[in-house]
Each structure stands twice: as C-alpha cells, then as structure tokens.
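Trainee: Just passing along the structure, written as structure tokens.
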Amino acid sequence: MAAVVAEFFGIMGLSPVPPADLAELIPYLLTVLVGVALVSGVFRAIGSLAEVFLASWRWR
C-alpha cells in the first residue's frame, strides 16, 4: 500500500521529502486534497457509467 501511495504522490508531482514548516505544509496539503478530489471524481464517473450500463443490461 505504501508503494501505491508513493506512486500517487509521484504522479501528482509531490516530493518524497515532507514539508519542514507551515509555509511548505499548506501548498503540500492543498495539492494532496486536489489530487484526492480528482481521483474521487474519476471513480465516481466510472461508477456512474458502470451503473447505467449494468442497469440497462439487467432489464432486457
């Protein structure tokens, strides 16, 4: 699981070194939150498409 999280942060462009002070922490957290929101939105869209396709297939 740690490798998956590290790869996700690498794709987002975050450095593996944690922030040292509050001035570095705020942009770091904003980047993480935006990345998580984008991934969540993609999974929601894929789930909605799958639900539409499966619901139409089920009632034939």
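The values are calculated or read from the model by the stated rules, or taken from the named source; none is laboratory data. Every value quoted in this text rests on a predicted model; they were computed, and no experiment measured them. Note that we place each Cβ from the backbone using ideal geometry, even for glycine, and neighbour counts take in every protein chain shown. Side chains included, ligands, DNA and RNA excluded: accessible areas come from the protein's heavy atoms. Shrake-Rupley method; radii C 1.70, N 1.55, O 1.52, S 1.80 Å.
Trainee: Checking Ala20 against (1) aliphatic (A, V, I, L, M); (2) at pLDDT 85 or above; (3) part of a helix (DSSP H, G or I), only one condition comes out false. Which one?
Mentor: Exception for Ala20: condition (3).
Trainee: Just to be sure before I move on: is Ser15 small (Gly, Ala, Ser), surrounded by 10 or more Cβ atoms within 10 Å (Cβ to Cβ), at negative phi and in a loop (DSSP other than H, G, I, E, B) in the structure I sent?
Mentor: Considered against the rule, which asks whether it is small (Gly, Ala, Ser), surrounded by 10 or more Cβ atoms within 10 Å (Cβ to Cβ), at negative phi and in a loop (DSSP other than H, G, I, E, B), Ser15 comes out as yes.
Trainee: Only residues in the stretch 14-34 that are farther than 18 Å from Val4 by Cβ and free of Cβ contacts under 8 Å to residues at least 40 places away in the same chain count as the first member; pair them with residues that are assigned to a helix (DSSP H, G or I) and not aromatic (Phe, Trp, Tyr), Cβ under 7 angstrom, at least 6 apart or cross-chain, and list the lot.
Mentor: Once the first residue is farther than 18 Å from Val4 by Cβ and free of Cβ contacts under 8 Å to residues at least 40 places away in the same chain and sits in the stretch 14-34, its partners that are assigned to a helix (DSSP H, G or I) and not aromatic (Phe, Trp, Tyr) give Pro19/Leu25.
Trainee: I need the full set of residues from the stretch 24-60 which are open to solvent by 90 Å² or more (accessible area, probe 1.4 Å), more than 23 Å from Phe8 (Cα to Cα) and assigned to a helix (DSSP H, G or I), in order please.
Mentor: Leu49, Glu51, Val52, Phe53, Leu54, Trp57, Arg58
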